[in-house]
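Below is one structure, written out as C-alpha cells; comments come after it.
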Amino acid sequence: MIQSLKGMPDILPKDIHRWHEVESTLKNLFTLYSYEEIRTPLLESTDLFSRSVGTGTDIVEKEMYTFVDRNGDSISLRPEGTASVVRAYNQHHLGHSASLVRLYYMGPMFRHERPQKGRYRQFFQVGIEALGKSNSEVDAEVINILYDIGLHFKLESPILQINSVGDYVCRTPYQNLLSQFLVTHQEALCETCQKRITTNPMRVFDCKNSTCQEVILAAPLIFDHLCKDCLSHFEILTKQLDLLKIPYVLNKQIVRGLDYYTRTAFEMTAGGLGSQNAVGAGGRYDLLVEQCGGEPTPAVGFALGMERLLLSATNISDHKPIQICILPLQGEYESKASLLAQKLRSELPKDRQISIASLVGTKSIKAGMRQANKMSARYVILLGENEVKNKSATLKNMTTHGQQEIEQTKLVSFILGEIDGK
Ligand code: AMP
C-alpha cells in the first residue's frame, strides 16, 4: 500500500471540524483587526527565499524542497509566508492602496526537517503582515493579535517573549563583537557553528547542540548593544504592551531563524507541545521589502503553526454539521429518497451546516439505522409505502427517539424549527 510521505500527515474527516473551527475563528479575528486575506502560490522562485529568509539560515541551507522545473528554472515549495507576501506586495503595488497595508494568509508550508511531535515537513501556518509603518504601536497591534489568539483558544500556559534584534546601525558592530567572542570558543562549537562565525554568527543562538548552547550562554547579546533608535522603539513598544495589558517577558536570547528581522522579535510558547513549544513567532522586518526590489517599507508580522495551536488549545468547540439521513424502507423507494434529499438540499439555507444523505443500497431497515448511527445522524427521515402515498415523510429524532409524520412540503420548516428549538 502506498503511504503518505514522512512528515506530511493527512488531516482526516474526524479531525477536520476542529480545523474549520480554528480557521473560521481566526478569519473573524483578523477581520476584526482590519486584516485582509492574501493567497499566494505554493511555488516561488528559489531566489526569493535565498534573498529574504537568507542563504546562511537552516531553512534555505538544508530544509527547502527545491527543484529545477521543465524550463530549467530553480523553484521551491514555500517554506514560510512572509517572503511571498512581500513579493506580491511589490509586484501588485499594494502599498499604493493604503499607507498601512494589513494582510493575513493561511496555508501549507514545506520544510525538510526531522519530523517529531509538532514538527512536520508539510505544516499549516496562518500569518499576518502589517506593511508600511515603523511605529512601535503597529508591533504592539501585531503582538496583540497573537496574544488574543492565545487567550481565545485558552492555550496551556502561554508565554509571550519579546526581544529586539537591532537594525543595520547596531547589528554590524554587534556581529563583529559576537564573531570575536565565538572565535575564542571555536573548539567548543559544532562544525556548522564554526562556519557561522564568518557567515552568520547570530545563528549560533539557534543551534541545538549542547556545547554550542553552553558557549552562547556567555556570549554578548544584541539587546545590550542596541543603538538609541532601536532602544527607543523597544521602550515605546513595551509601554504600549503595558497599556494594552499584555503580559510579556524579555528574552534577550531570541534571534529567530530567519535573517530578515530587524528590531522587534517575539515568540509565543505554550504547554502541551514538548520541545517544539513555539506556537507563533514573528517580528519586524524593515528592510525586506526593499531587499526584494520594492520601495523602502517598514513592516512587521508573525506566523503561527496551526498544528501546534490545535495541540495546545484547550477550548476548540467541535462544531460538526447536523446530519440528516433519508432511509427508504423498501428498495423500490431508493430513487424517491434521493429525490427527496435533493429537494431538501435545494430548500435548506446554505449557511446552516446541515448535511443530507440518502441511505441507498442498505440491505434492511436495521442496517440502515446502523448506518445512520455510524454517521451520528441527528434525524432520520423514513420513506415507506405510507409516506409515498401521503406525499409525507416520517422524521425520527435520534436523540429522543420520537417520530412524527410530516407533509413533504412542510419538512424543511419543521426541521429548521426542531433544530432551532422553536
Ligand atoms: P517560523 O516560520 O519558523 O518563525 O515559525 C513560525 C511558527 O510556525 C512556529 O512557531 C510553529 O508554530 C510553526 N512551525 C514552524 N516550523 C514548523 C514545522 N516544521 N512543523 C510544524 N509547525 C512549524
Output the peptides 186-195, 128-137 sorted from most to least packed, where packing is the average of other Cβ atoms within 10 Å over each peptide's residues.
128-137, 186-195
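Which percent of the accessible heavy-atom area of segment 322-417 goes to carbon and sulfur, probe 1.4 angstrom?
On the way: 2680 of 5410 Å².
Heavy-atom surface of segment 322-417 belonging to carbon and sulfur, 1.4 Å probe: 49 percent.
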Using only Cα atoms, locate the centre of segment 281-296 and the centre of segment 377-412, then give the distance between them in Å, rounded to an integer.
61 Å
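Output the pairs from K6/K27; K14/K117; K374/K410 with a Cα-Cα distance over 24 Å in this structure; if there are none, say none. Spell out each step's value before the answer.
Working: K6/K27 30 Å; K14/K117 19 Å; K374/K410 27 Å.
Going by Cα-Cα distance, K6/K27; K374/K410 fall outside the 24 Å limit.
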What is the dipole size for the chain, taken about its Cα centre, with +1 at each Lys and Arg Cβ and -1 at each Asp and Glu Cβ, in debye to the nearest 20?
1400 debye
For the chain, go through all pairs of different Cα atoms, get the mean of 1/r, take its inverse, and jot down that Kirkwood value in Å.
24.8 Å
Give me the three principal axis extents of segment 322-417 from the C-alpha atoms, as integers in angstrom, largest value leading.
33, 29, 23
Round to the nearest 0.05 the FRET efficiency obtained for K195 and D69 when R0 = 25 Å and r is the Cβ-Cβ distance.
0.25
Identify all lysines with a Cα-Cα distance to K228 below 24 Å; exclude those on the same chain that are fewer than 8 residues away in sequence.
K133, K239, K252
So if I take the centroid of the Cα atoms in segment 1-54 and the same for segment 137-211, what is the distance between those two points in Å?
25 Å
Added length on full extension, which subtracts the Cα-Cα distance from 0.36 nm per residue, Q353 to M1
123.3 nm
For helix 168-184, report the angle its Cα long axis makes with the longest principal axis of the Cα atoms of the chain; keep it between 0 and 90° and round to the nearest 10°.
70 degrees
Per residue accessible area in Å² of segment 322-417, where ligands, DNA and RNA are left out and the probe is 1.4 Å:
56 Å²
At 7 Å along Cα-to-Cβ for each site, give me the label-to-label distance between L32 and E235 in nm.
3.3 nm
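Restricting to segment 275-422, what percent of DSSP beta bridges are antiparallel, rounded to 5? Before the final figure, lay out each step's value.
On the way: 14 of 24 bridges.
Around 60 percent of the beta bridges assigned by DSSP in segment 275-422 are antiparallel ones.
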Result for segment 1-136: accessible area per residue, probe 1.4 angstrom, in square angstrom, of 53 Å²
Under 12 Å Cα-Cα from K62, which aspartates and glutamates qualify once same-chain neighbours fewer than 8 residues away are excluded?
E113
How big is the antiparallel share of DSSP beta bridges in the chain, given as a percent to the nearest 5?
80 percent
Carbon plus sulfur, as percent of the 1.4 Å-probe accessible area of segment 86-176, comes to 51 percent
What is the helix-to-structure angle for 365-374, meaning the angle in degrees between its Cα long axis and the longest Cα principal axis of the chain, kept from 0 to 90 and rounded to the nearest 10?
20 degrees
Given the options I254, I162, I326, which has the most mean-square fluctuation in a GNM of the chain, springs set between C-alpha atoms less than 10 angstrom apart?
I326
Tell me the label-point distance for the pair N315, L217, using the 7 Å Cα-to-Cβ offset, in nm and rounded to one decimal.
3.9 nm
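The values are calculated or read from the model by the stated rules, or taken from the named source; none is laboratory data. All values derive from a computational prediction rather than experimental measurement. In this analysis, Cβ positions are derived from the backbone assuming ideal geometry, glycine residues included, and neighbour counts consider all displayed protein chains. SASA here: full protein model, heavy atoms, side chains in, ligands and nucleic acids out. Shrake-Rupley method; radii C 1.70, N 1.55, O 1.52, S 1.80 Å.
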